[in-house]
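Below is one structure, written out as structure tokens, with a few remarks after it.
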Amino acid sequence: MVVTMPGAASANNYGYRCKNWKDSSSRWSADCKVTRGKARTVAECSNKTHYGDWVGKGYWRFEGDCGKYALRATDIQWKA
């Protein structure tokens, strides 16, 4: 089962917003704009959790890929 909440991440008080969310059994992606602070991706896979690099302001294609393992959950972390 894949758990994603695009509504929560798209309508937040943080310094980013995302659209075009896509996911499958092992990967996910979204087109995001970071307006302030920094953001990074999180992909919780059946074998471990993968964290993306922190990125600053700009337009980014956020992705998470579990390879041969199942994608369990996705998230975007943000900090000021």
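The values are calculated or read from the model by the stated rules, or taken from the named source; none is laboratory data. Computed from a prediction, not measured in an experiment: that's the story for all the values here. No Cβ is skipped: glycine too gets one built from the backbone with ideal geometry, and neighbour counts run over all protein chains shown.
Looking at region 58-74, which of the residues that are touching a residue at least 40 places away in the same chain (Cβ under 8 Å) and surrounded by fewer than 19 Cβ atoms within 10 Å (Cβ to Cβ) is nearest to the chain's Cα centre (by Cα)?
Ala73
Can you pull out every residue in region 20-51 that is aromatic (Phe, Trp, Tyr) and free of Cβ contacts under 8 Å to residues at least 40 places away in the same chain?
Those that are aromatic (Phe, Trp, Tyr) and free of Cβ contacts under 8 Å to residues at least 40 places away in the same chain: Trp21, Tyr51.
Select from region 1-34 the residues that are surrounded by fewer than 12 Cβ atoms within 10 Å (Cβ to Cβ) and either acidic (Asp, Glu) or at pLDDT 95 or above (or both) and list them in ascending order.
Those that are surrounded by fewer than 12 Cβ atoms within 10 Å (Cβ to Cβ) and either acidic (Asp, Glu) or at pLDDT 95 or above (or both): Lys19, Asn20, Ser24, Ser25.
Looking only at region 64-80, how many residues end up being closer than 15 Å to Lys38 by Cβ, part of a strand (DSSP E or B) and not β-branched (Val, Ile, Thr)?
4
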